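**Q** Below is a structure I'd like to ask you about.
The values are calculated or read from the model by the stated rules, or taken from the named source; none is laboratory data. Since we're looking at a predicted model, the values are computed, not measured. Neighbour counts run over all protein chains shown; Cβ positions are idealised from the backbone, glycine included. Note: accessible area is taken over every heavy atom of the protein model, side chains too, but ligands, DNA and RNA are not part of it. Shrake-Rupley method; radii C 1.70, N 1.55, O 1.52, S 1.80 Å.
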Amino acid sequence: TTLISASLSGYASAESMTVGFSQVGSESGWRAAETSVAKSEAKKRGITLKIADGQQKQENQIKAVRSFIAQGVDAIFIAPVVQTGWEPVLEEAREAKIPVFLLDRAIVVKDKSLYMAVVTADNVYEGKLIGDWLVKERNGKPCNVVELQGTVGASVAIDRKKGFAQAITGAPGIKIVRSQSGDFTRSKGKEVMESFIKAENNGKNICMVFAHNDDMAIGAIQAIKEAGLKPGKDILTGSIDGVPDIYKAMLAGEANANVELTPDMAGPAFDALEKFKKEGTVPPKIIKTESRLFLPADAQSQADKKTGMGY
Ligand code: GYE
């Protein structure tokens, strides 16, 4: 009966929808959680979700989107690895009248009607939260910061860098002495941190590491330990995501400040998509998720909260 009434009313029923999701890859713990939450949020709603792993390459993602268009899916979700270069494939989706939602990262396009909405946190604010924390923590004392950037060209890396830089401009003694991409992975984060340590008097010139995500911070913590220094004390840490391992590090006194970001980016996109399909409601262009700073005192309850969140 559901099928009959759905076809009579002239709308595709939400239950029968197929959504193609072009995922970035599996570079971080947060990313894995986002994928797993997307699956369960789809299942809850009876939506068929097809996921394509882009392995951190835009060309793979573009191919996946083209294949979703060819399959005639009802909507396409993209977590765009980088922020530029999306126009051609988005025009093809528009041509095929397939709505596109962006998850967790933004893109730069002149024509914003190329996508329906982007579900994302305010990433400038996230970087700023860590920077503000550091300024307060140092209380006028100087601090040489090394920065582990996310993937080159990713909106989140650009924005987190910007927010942190804004926060420390008012504190003349606090400066970024080295900054390089660790591609949002644990192994790269460790490798780049090792090179920072070597270049900065065996780490003695480094006061803090700001990592654009937790996985790179965890890699950095490992590098700090291997250099015979104490992470969280000799070298402070600040990072973004809120994966269980960072709370473990906090509980061990090895991590200092963290901004939590929900891995549920698909849920709000499914909600907006269903409303659009059923009622024709056009969602706001930016569907914003919350970001909050957590310190070691919150680590246990935060770690407990994460159980069942896809990690
Ligand atoms: O912070 C990081 C992941 O785009 C918000 O990408 C996402 C970021 C997240 O690799 O861990």
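**Q** Can you tell me which residue within region 18-27, out of those that are part of a loop (DSSP other than H, G, I, E, B) and open to solvent by 10 Å² or more (accessible area, probe 1.4 Å), is nearest to the ligand (Cβ to nearest atom)?
**A** In the first step, residues of region 18-27 are kept if they are part of a loop (DSSP other than H, G, I, E, B); the result is 24-27.
With the extra rule that they be open to solvent by 10 Å² or more (accessible area, probe 1.4 Å), the set shrinks to 26-27.
Working: Ser26: 9, Glu27: 5 Å.
The selected residue is Glu27.
**Q** What residue, among those in region 56-98 that are part of a loop (DSSP other than H, G, I, E, B) and in contact (Cβ under 8 Å) with a residue 60 or more places away in the chain, is farthest from Glu41 (Cα to Cα)?
**A** In the first step, residues of region 56-98 are kept if they are part of a loop (DSSP other than H, G, I, E, B); the result is 56-57, 72-74, 79-86, 96-98.
Among the residues that remain, those that are also in contact (Cβ under 8 Å) with a residue 60 or more places away in the chain are: 56, 74, 79-84.
Details: Gln56: 23, Asp74: 16, Ala79: 16, Pro80: 20, Val81: 22, Val82: 25, Gln83: 26, Thr84: 28 Å.
Here the answer is Thr84.
For every residue, the table says whether it meets (1) over 21 Å from Phe196 (Cβ atoms); (2) within 12 Å of the ligand (Cβ to nearest atom); (3) of a type in the set (Gly, Ala, Ser).
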| position | (1), (2), (3) |
| --- | --- |
| Tyr125 | yes, no, no |
| Gly131 | no, no, yes |
| Lys136 | yes, no, no |
| Arg160 | no, yes, no |
| Thr169 | yes, no, no |
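**Q** Please tell me if Val109 is within 25 Å of Ala266 (Cα to Cα), away from the ligand (no atom under 16 Å from the Cβ) and not in a strand (DSSP E or B). Reasoning before the result, please.
**A** Details: within 25 Å of Ala266 (Cα to Cα): yes; away from the ligand (no atom under 16 Å from the Cβ): yes; not in a strand (DSSP E or B): yes.
Considered against the rule, which asks whether it is within 25 Å of Ala266 (Cα to Cα), away from the ligand (no atom under 16 Å from the Cβ) and not in a strand (DSSP E or B), Val109 comes out as yes.
**Q** Restricting to region 138-152, name every residue that is open to solvent by less than 30 Å² (accessible area, probe 1.4 Å) and within 16 Å of the ligand (Cβ to nearest atom).
**A** Once the filter is applied, which keeps residues that are open to solvent by less than 30 Å² (accessible area, probe 1.4 Å) and within 16 Å of the ligand (Cβ to nearest atom), region 138-152 yields Glu147, Leu148, Gly150, Thr151.
**Q** Scan region 185-214 for residues that are within 16 Å of the ligand (Cβ to nearest atom) and open to solvent by 10 Å² or more (accessible area, probe 1.4 Å) and jot them down.
**A** Residues satisfying the conditions are Thr185, Arg186, Ser187, Lys188, Lys190.
**Q** Just checking, how many residues over region 254-279 are part of a helix (DSSP H, G or I) and within 16 Å of the ligand (Cβ to nearest atom)? Steps first, please.
**A** Here is the first cut: in region 254-279, the ones part of a helix (DSSP H, G or I) are 266-279.
After this cut, where a residue has to be within 16 Å of the ligand (Cβ to nearest atom) as well, the list is 266-269.
Final tally of qualifying residues: 4.
**Q** For the condition of a type in the set (Phe, Trp, Tyr) and open to solvent by less than 10 Å² (accessible area, probe 1.4 Å), what is the one hit in Phe276, Phe270?
**A** On the way: Phe276 fails: open to solvent by less than 10 Å² (accessible area, probe 1.4 Å).
Among Phe276, Phe270, only Phe270 is of a type in the set (Phe, Trp, Tyr) and open to solvent by less than 10 Å² (accessible area, probe 1.4 Å).
**Q** Any residue that is farther than 20 Å from Ala255 by Cα and polar (S, T, N, Q) - is there at least one of those in region 145-153? Outline the logic, then answer.
**A** Here is the first cut: in region 145-153, the ones farther than 20 Å from Ala255 by Cα are 151-153.
Those left that are additionally polar (S, T, N, Q): 151.
Yes - at least one qualifying residue is present in region 145-153.
**Q** Something else about it: Looking at Ile174, Ile130, Ile158, can you tell me which residue is open to solvent by less than 30 Å² (accessible area, probe 1.4 Å) and closer than 27 Å to Thr84 by Cβ?
**A** Details: Ile174 fails: closer than 27 Å to Thr84 by Cβ; Ile158 fails: open to solvent by less than 30 Å² (accessible area, probe 1.4 Å).
Among Ile174, Ile130, Ile158, only Ile130 is open to solvent by less than 30 Å² (accessible area, probe 1.4 Å) and closer than 27 Å to Thr84 by Cβ.
**Q** Looking only at region 27-65, count every residue that is more than 27 Å from Lys275 (Cβ to Cβ) and of a type in the set (A, V, I, L, M) and tell me the total.
**A** Just the residues of region 27-65 that are more than 27 Å from Lys275 (Cβ to Cβ), to begin with: 27-29, 32, 53-60, 62-63.
Those still in the list that are of a type in the set (A, V, I, L, M) too: 32, 62.
Qualifying residue count for the region: 2.
**Q** Is it fair to say Gly173 is on the phi > 0 side of the Ramachandran plot and either out of contact with any Gly (no Cβ under 9 Å at 6 or more places or on another chain) or away from the ligand (no atom under 16 Å from the Cβ) (or both)? Talk me through it step by step, then tell me what you get.
**A** Working: on the phi > 0 side of the Ramachandran plot: no; either out of contact with any Gly (no Cβ under 9 Å at 6 or more places or on another chain) or away from the ligand (no atom under 16 Å from the Cβ) (or both): yes.
Considered against the rule, which asks whether it is on the phi > 0 side of the Ramachandran plot and either out of contact with any Gly (no Cβ under 9 Å at 6 or more places or on another chain) or away from the ligand (no atom under 16 Å from the Cβ) (or both), Gly173 comes out as no.
**Q** Kindly evaluate Ala52 against the criterion of being buried (at least 17 other Cβ atoms within 10 Å of the Cβ), modelled with pLDDT of 95 or more and not in a loop (DSSP other than H, G, I, E, B). Explain how you work it out, then say what you get.
**A** Numbers: buried (at least 17 other Cβ atoms within 10 Å of the Cβ): yes; modelled with pLDDT of 95 or more: yes; not in a loop (DSSP other than H, G, I, E, B): yes.
In short, yes.
**Q** So which of Leu236, Leu229, Leu251 is surrounded by 18 or more Cβ atoms within 10 Å (Cβ to Cβ) and either touching a residue at least 12 places away in the same chain (Cβ under 8 Å) or within 12 Å of the ligand (Cβ to nearest atom) (or both)? Before you say what the answer is, go through the steps one by one.
**A** Values: Leu229 fails: surrounded by 18 or more Cβ atoms within 10 Å (Cβ to Cβ); Leu251 fails: surrounded by 18 or more Cβ atoms within 10 Å (Cβ to Cβ).
Unique residue meeting the criteria: Leu236.
**Q** Still on this model: Looking only at region 85-104, filter to residues that are closer than 24 Å to Met17 by Cα and within 16 Å of the ligand (Cβ to nearest atom); which one of those is surrounded by the fewest Cβ atoms within 10 Å (Cβ to Cβ)?
**A** Start the filter on region 85-104 by keeping residues that are closer than 24 Å to Met17 by Cα, which leaves 89-104.
Those still in the list that are within 16 Å of the ligand (Cβ to nearest atom) too: 101-104.
Numbers: Phe101: 26, Leu102: 27, Leu103: 23, Asp104: 26.
The selected residue is Leu103.
**Q** Can you tell me which of Val135, Val177, Val124 is within 16 Å of Val259 (Cβ to Cβ), in contact with a strand residue (DSSP E or B) (Cβ under 9 Å, 6 or more places away or on another chain), touching a residue at least 12 places away in the same chain (Cβ under 8 Å) and of a type in the set (Val, Ile, Thr)? Give the derivation first.
**A** Working: Val177 fails: within 16 Å of Val259 (Cβ to Cβ); Val124 fails: in contact with a strand residue (DSSP E or B) (Cβ under 9 Å, 6 or more places away or on another chain).
Exactly one of Val135, Val177, Val124 is within 16 Å of Val259 (Cβ to Cβ), in contact with a strand residue (DSSP E or B) (Cβ under 9 Å, 6 or more places away or on another chain), touching a residue at least 12 places away in the same chain (Cβ under 8 Å) and of a type in the set (Val, Ile, Thr), namely Val135.
**Q** Can you run down the residue pairs with Cβ atoms below 7 Å, 6 or more apart or on separate chains, where the first is in region 185-213 and farther than 21 Å from Lys141 by Cβ and the partner is assigned to a helix (DSSP H, G or I) and of a type in the set (Lys, Arg)?
**A** His212/Arg160
**Q** When you go through (1) touching a helix residue (DSSP H, G or I) at 6+ places or on another chain (Cβ under 8 Å); (2) surrounded by fewer than 23 Cβ atoms within 10 Å (Cβ to Cβ); (3) of a type in the set (A, V, I, L, M) one by one for Val119, which number turns out not to apply?
**A** Tallying (1) touching a helix residue (DSSP H, G or I) at 6+ places or on another chain (Cβ under 8 Å); (2) surrounded by fewer than 23 Cβ atoms within 10 Å (Cβ to Cβ); (3) of a type in the set (A, V, I, L, M), Val119 fails exactly one: (2).
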